[in-house]
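The values are calculated or read from the model by the stated rules, or taken from the named source; none is laboratory data. Values in this document were obtained by computation on a predicted structure and should not be read as measured data. Cβ coordinates were reconstructed from backbone atoms using ideal geometry, including for glycine residues, and neighbour counts include every protein chain displayed. These area figures cover heavy atoms from the full protein model, side chains too; ligands, DNA and RNA do not enter into them. Shrake-Rupley method; radii C 1.70, N 1.55, O 1.52, S 1.80 Å.
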Amino acid sequence: MAKVFNLLKSAALTVAIGAVAGLAPLGAQAAQQTAIVAGGCFWCVESDFESIPGVGDVVSGYTGGRTENPNYGQVGRGSTGHYEAVMIPFDDSVISYRQIMDLFFRSVDPTDPGGQFCDRGNQYRTAIFVTTQAQADTAVAAKSAAQQALGRQIVTPIVQATTFYRAEAYHQDYYKGTSLVLTRGGAKRQSDAYDFYRKGCGRDARVQQLWGANAPFIHH
């Protein structure tokens, strides 16, 4: 968690500098806010952000597409236009939207236009879905800073949020479930199956390769 808090401290300084330069401070808005992002497998993004102080119960779901009330099978086939995404509720008096954005970019491979890690297809691409102009401006600034820090082009789009559809109940908090599920490695508790998937998909290895010590959520 030390890396997370160091990144939060750095991001807070960046936001403070931005406010001095004339940007509207997010703190002027209501303390309870929501960020919507797509970062590949929503189990992983949910797990990452629920570990952050000030973040509430993250919701896995689908957004950005054409189909109303899509299900997991439809989204997985890539026929709906939807992304696997998460809705992140957070207390702006504890963590800002800019800090959420900085953590998000450093928890994914934002240079990959074809999916994330072992999950390929448009439904697994990265994206940020904004609900206000303030969020859009902040996301653009965070993207620019991340691109400068990484020294590579970031392909993550920043788009207007549309309807967010909550995913099926078994996807919520999947990473800490206790049910037995069948995996390629045999029958496992759900939480162990999640760890098996995350490692096998190469998520942490790739994020650490890209971001090094600035990667906040690496699982070992």
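Would you please name the trypsin sites (Lys or Arg not before Pro) within segment 62-147 that are DSSP coil residues with at most 13 other C-beta atoms within 10 Å of their C-beta? In loop regions of segment 62-147 (DSSP not H, G, I, E or B), the sparsely surrounded trypsin sites (Lys or Arg not before Pro) are 66, 77. Take every pair of alpha-carbon atoms less than 8 Å apart whose residues are at least six positions apart; their mean separation over the length of segment 25-129 yields a relative contact order of 38 percent.
Shape analysis of segment 71-125 yields a ratio of the Cα radius of gyration to the Kirkwood radius, Rg/Rh, of 1.07. The peptide list 129-138, 44-53, put in order of mean Cβ contacts within 10 Å with the highest first, becomes 44-53, 129-138.
Here is how the number arises for the chain: DSSP H runs of 4 or more residues each give -39500 (n - 2.57), the sum is divided by the residue count, and the result at 222 nm is -11000 deg cm²/dmol. I want the local charge near residue 152. Using Cβ-Cβ distances under 11 Å, sum +1 for each Lys or Arg and -1 for each Asp or Glu among the other residues. Here the count lands on -2. Here the extension length gained between residue 120 and residue 195 equals 25.1 nm, from 0.36 nm per residue of separation less the Cα-Cα distance.
Counting only DSSP beta bridges with both residues in the chain, the antiparallel share comes to about 90 percent. Solvent exposure of the chain amounts to 47 Å² per residue of accessible area, where only protein heavy atoms count and the probe is 1.4 Å. Diffusion coefficient of segment 107-198 by Stokes-Einstein, Kirkwood radius over Cα pairs, 25 °C, 0.890 mPa s: 156 µm²/s. Amide H to amide H, with H built 1.01 Å from N, residue 162 comes under 5 Å of 64, counting only residues 5 or more places away or on other chains. For the peptides 174-182, 80-88, residues were scored by their other Cβ atoms within 10 Å and the scores averaged per peptide; the highest-first order is 80-88, 174-182. Across the chain, the mean sequence separation of Cα contacts (distance under 8 Å, 6 or more residues apart), normalised by length, yields a relative contact order of 25 percent. As a fraction of the 1.4 Å probe accessible area of the chain, surface on carbon and sulfur atoms comes out at 53 percent.
Beta bridges per DSSP, both residues in segment 60-183: antiparallel share near 75 percent. For the chain, complete DSSP H runs whose alpha carbons reach 20 Å or more along their own long axis and whose mean Kyte-Doolittle score is 1.0 or higher are 2-20. Just one of (1) 59, 43, 34; (2) 65, 35, 30; (3) 55, 38, 31 is Cα extents along the principal axes in Å as worked out from the coordinates here. Which one is it? Matching entry in (1) 59, 43, 34; (2) 65, 35, 30; (3) 55, 38, 31: (3). In this structure, the amide hydrogen of residue 177, modeled 1.01 Å from its nitrogen in the peptide plane, lies closer than 5 angstrom to those of 191, counting only residues at least 5 positions away or on a different chain.
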